[in-house]
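Reviewing the structure listed below.
What follows is calculated from the coordinates using simple rules that are stated; it is not laboratory data. All values reported here derive from a predicted model rather than from experimental measurement. Cβ sites come from the backbone with ideal geometry, for glycine too, and all protein chains shown count toward neighbours.
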Amino acid sequence: MADRVYYRVFGTMPTHAPYPFAEIEPRWQKAWAEARCFRAAQPGEPGSEKPKAYILDMFPYPSAAGLHVGHLEGYTATDIVARYRRMLGMNVLHPMGWDAFGLPAEQHAVQTGTHPRVTTARNIDNFRRQIQAMGFSYDWDREIDTTDPKYFRWTQWIFLKLYEKGLAYVAEAPVWYCPALGTVLANEEVLATEEGPRSERGNHPVERRPMRQWMLKITAYAERLLQDLDLLDWPESLKEMQRNWIGKSEGAEVIFSVVGSGEKIAVYTTRPDTLFGATYLVLAPEHPLVRPLTSPERKAAVEKYVRESAAKSDLERTELAKKKTGVATGATVVNPVNGEKIPIWVADYVLASYGTGAVMAVPAHDERDFEFAREYQLPVRKVIRAESEPEKECFPEDGVNFDSGFLSGLKTSQAKVAMADWLEKNNHGRRQVRYKLRDWLFSRQRYWGEPFPILWNGDRHEPLSDKDLPLTLPELVDFQPTATGEPPLGKAEAWRKLPDGRTRELNTMPQWAGSCWYYLRFCDPKNDAKPWSAEAEKYWMSGGGVDLYVGGAEHAVLHLLYARFWHKVLFDLKLVSHPEPFRRLVNQGIILGEDNRKMSKSLGNVVNPDEVIREHGADALRVFEMFLGPLEQMKPWSSKGMEGSVRFLARVWRLVCEETDSGEWIPSSTLTDGAPSPETVRALAKATAKVTEDLEKLQFNTAISALMVLVNHLTGLVKRPTAAVMQLSRLLAPFAPHLAEEVHARLGGKGLVSVAAWPTFRKEDLQEDSAELAVQVNSKLRGRITVPSLANREEIEALVRAHPDFGGWCGGKTVQKMIVVPGRIVNLISG
RNA sequence: GCCGCGAUGCCGGAAUCGGUAGACGGAGCGCACUUAAAAUGCGCCAGGCAUUGCCUAUGGGGGUUCAAGUCCCCCUCGCGGCACCA
């Protein structure tokens, strides 16, 4: 009984920490802040003569929930690189800031009446606290906040530049409206889901509504946004997503004349070579010519069909619709290439929003047209044959033309050119390039965003002048969006109306505005005269822009496309020196919960970094997140694995300290000032070589593994040379900076290890004295042989022949050939 | 359907130019220390047969090669994206 009480009481007592991280970590964070050792030198300042490195994270939206381990993975990776580059002697720009405009703070304001500014400030403080607890080496003098008037003044200024260039305009167009969010959304913010189109944020249903909105002419940059992807060191998958989103297609516009009327119908096709096979023409139900062209006897049927299509959701019109529907108009057009009369149909498989809203149907060579033709018994005329494969009913691939007049006998690629030439020569059409990319819907009916620096004078808009910037938000008590679709800013009567009768634009900018240029502001964050100085931009953005940009893949066609667009506009205005902002980009993979499912509150599998730091320390969290696996890969959390990282760091600690019976840490008696043995020299050289190589390739998991090998070696020594442990502390510094500083200091190291020089090694120290080669016989492993590591082929061959097992390996057969790969294998080929 | 990425022990993952598959960590097992446990240190650890040793193993099937996780062809599964874009 007494025993059980003893265990209950002492069994739940926390055993003391494997090493005193809770005392070490805050102390070094304070030391770094006091030494200001992570400050980046501006051009002209001492330190700016060093080569620069711009290492950037995608700055966070400071949510009420705080940081999660996924943020920390990317931030840890960039911090390691930043610390490593600093130790290599580079002038490193590694900044952090807050993308603080946005919907959640405003939704909170709607519900509680708390001003978004208050919530935002509180969330930022919490994020900053969490980030600082990780020991990240940010230059906090450069912290920025997109909601600060000193910042958004310049967001507004850049908007005016776009406005002046004619790249910002107001248009009445069908746009995506989200009733739940009370605002319109950009195409990029709408996802196609099984339940229909939904908002990217919050997964609310969205609908098409015609509204007057501000648009940015991103389409003017479509070709350059596409071409310049080739300049970038980005994941191929991400470039592909942007290419798909831009959606370039090359083809021709063909003009058909309507029989018995002066009307012409233009269609867009990527296959002008199939024009001889066109057997009908299809208009989208929304096409303006549908009504005027329909013959009186078809009128009722066509109008009914148009009405039905309009009532269908986008979903019903696309993927769920197994069967194509349509109706004949009774009108006909002339195929310009052969003078043939073909009927005009209306069908909703043709989209009004793409191309001209009309297509020429070639059922023999287009799956969709084929399906439709079969449904309504329309003629199918083959004009292209496969070069080798057997004939198919519908052949949409490239081949050779026949029954095609002047195109007969030509291959598809040649036929396309010939037909385009013919169309242009005879005025029946022309070559054309099209993009799926649409202009960027840039206004939102929300309060917590940048106000547009625009005034309305009746129906006309005009820009605010630079001297009136920043245009700040009016104070409001009621943030509720109105049912009429009028933005909340409409409630600020005094703000909205100017004495001279002009009124302010009431929409605000989307959250993406602030993040479109924040990386430029980091170059010169305190400049009150300009968004950034030319000198600072040229210095930090040289060599192709940001040298390393790490963030999640969810921004592939949002932030990353918008920022590239703004950057190109700024490039054309000669405000930046390179056409692309982010030279190298890496997506960190998401970290799953321990149950292998996506971390979410409802599943209860979210890992709270505050708790992990309290239990195991920031260094252990940093090391573990990097040791989990490759940065780009999706991987599950493991609390057992987390403990492994703690054990590793505690092993490092015990190289330097040992514990007394009373539980105190005293300097280890195993340390010696003696010279390291050749084995230790080799272990150090190997670790240095491997860690250096892996850091360059962002392979943090294998770099840590190399450090573990070194620590295991040092742990195994009876006497540990201080110099060796000192070198370990420098190799460890980017990964576990607090512990590295402590070890460095306890061993009598001068200054901060965070700014010490990165270790080097001598190539000859990597060399082993002897190497063990595998001996294969007819490619099967049969034995091993130890040879001097510098032995050449002939010497190795002689050693193999002289080896006592040689006869056994050959099994009495003669060796016809011996393949020797020094350092690797010997393969005996016998017959 | 199309595009991109991936599949290696019980688990996370290593493996340069094609050259000893499984580094490192976790889990497990054993030993030492301890009154005991924890912690720590050391050792074992793909599977099968077996006496040394041999055989089988990198999602599946073919191929190239002295040699394939790695290169080529076909297929299966998983993840991400796009999806009637003419």
Modelled FRET efficiency - R0 25 Å, A:His578 with A:Thr270, Cβ distances, 0.05 increments: 0.15
Under 19 Å from the Cα of A:Lys817 - lysines, other chains or at least 8 residues apart: A:Lys780
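Hey, what D do you get for chain A in µm²/s if you plug the Kirkwood alpha-carbon radius into Stokes-Einstein at 4 °C and 1.567 mPa s?
Working: Rh = 32.2 Å.
In µm²/s, the coefficient rounds to 40.
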Nearest-ten-degree value, helix A:21-35 long axis tilted from longest Cα axis of chain A: 70
Per-residue Cβ neighbour rank within 10 angstrom, fewest leading, A:Thr508, A:Thr114: A:Thr114, A:Thr508
Contact order relative to length of chain A, as percent, for alpha carbon pairs under 8 angstrom and 6 or more apart: 13
Extent along principal axes [Cα atoms of the range A:667-765; Å; largest to smallest]: 38, 29, 21
Estimated distance in nm for a label pair at A:Glu693 and A:Ala22, the labels positioned 7 Å out from Cα along Cα-to-Cβ: 4.2
Selected from A:Ala373, A:Ser754, A:Gly166, residue furthest toward positive end of dipole (chain A; charges at beta carbon): A:Ala373
Helix A:149-164 axis, angle to chain A major axis (alpha carbon atoms, nearest 10°): 40
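Count the net charge of all other residues whose Cβ sits under 15 Å from the Cβ of A:Ile590, scoring Lys and Arg as +1 and Asp and Glu as -1. Can you show the working numbers first?
Values: positive: A:Arg597, A:Lys598, A:Lys635; negative: A:Glu73, A:Glu554, A:Glu594, A:Asp595, A:Glu625, A:Glu632.
After counting each charged neighbour, the total is -3.
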For the range A:769-830: rounded, prolate or oblate by the Cα gyration tensor [a/c cutoff 1.5]: prolate
Exposure proxy ranking, count of Cβ atoms within 10 Å, fewest first, for A:Val433, A:Val569, A:Val267: A:Val433, A:Val569, A:Val267
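For A:Arg762, A:Arg198, what ranking results if the residue with the fewest other Cβ atoms within 10 Å of its Cβ goes first?
On the way: A:Arg762 10, A:Arg198 19.
The order, fewest Cβ neighbours first, is A:Arg762, A:Arg198.
Let me check I've understood the local charge: for A:Asn457, count other residues with C-beta under 14 angstrom from its C-beta, Lys and Arg +1, Asp and Glu -1. What total comes out?
On the way: positive: A:Arg460, A:Arg496, A:Lys497, A:Arg502, A:Arg504; negative: A:Asp459, A:Glu462, A:Asp500, A:Glu505.
Within the 14 Å Cβ shell, the charges total +1.
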Cα-based equivalent ellipsoid of the range A:23-84: semi-axis lengths in Å, sorted from largest, via gyration tensor: 25, 18, 11
Expected 222 nm ellipticity per residue - DSSP helices of 4 or more, -39500 (n - 2.57), all of chain A, to 500: -10500 deg cm²/dmol
Fully extended contour minus Cα-Cα distance, from A:Arg430 to A:Asp765, at 0.36 nm per residue: 113.7 nm
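How far, in nm, would the chain grow between A:Ser237 and A:Val821 when pulled straight, counting 0.36 nm per residue and subtracting the alpha carbon separation? All intermediate terms of the calculation are to be shown ahead of the outcome.
On the way: separation 584, 0.36 × 584 = 210.24 nm, distance 3.77 nm.
This chain segment gains 206.5 nm when fully extended.
Suppose every K and R has +1 on its Cβ and every D and E has -1 on its Cβ; what is the size of the dipole of chain A about the Cα centre, in Debye to the nearest 20?
Details: 104 positive and 107 negative charges, 105 e Å.
That gives a dipole near 500 debye.
Where Rh denotes the Kirkwood radius from the mean inverse Cα pair distance, what is Rg over Rh for the range A:249-434? Walk me through the numbers before you get to the answer.
Numbers: Rg = 16.1 Å, Rh = 16.8 Å.
On the Cα set of the range A:249-434, Rg over Rh gives 0.96.
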Euclidean distance between Cα centres, the range A:588-637 to the range A:658-698, Å: 28
Cβ-Cβ FRET estimate between A:Glu223 and A:Thr193, R0 fixed at 30 Å, reported to 0.05: 0.45
Spin-label proximity, A:Ala774 to the range A:810-829 - amide N less than 12 Å from point 7 Å beyond Cα toward beta carbon: A:824-827
Folded to 0 to 90 degrees: helix A:700-715 orientation relative to chain A principal axis, Cα: 10
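To the nearest 20 Debye, how big is the dipole of the range A:769-830 about its Cα centre, given +1 on the beta carbon of each Lys and Arg and -1 on that of each Asp and Glu?
On the way: 8 positive and 6 negative charges, 70 e Å.
With only Lys, Arg, Asp and Glu charged at Cβ, the dipole is about 340 debye.
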Extension gain from A:Leu88 to A:Asp661, taking 0.36 nm per residue of separation minus the Cα-Cα distance: 202.1 nm
For chain A, with +1 on Lys and Arg beta carbons and -1 on Asp and Glu, the positive-most of A:His115, A:Ser638, A:Gly449 along the dipole: A:Gly449
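Which of the three applies to the range A:257-367, rounded, prolate or oblate, going by the alpha-carbon gyration tensor with a ≥ b ≥ c and a/c under 1.5 meaning rounded? Intermediate results must be reported in sequence, preceding the final value.
Numbers: a/c = 1.91, a/b = 1.20, b/c = 1.59.
It is oblate, given that a/c is not under 1.5 and a/b is not larger than b/c.
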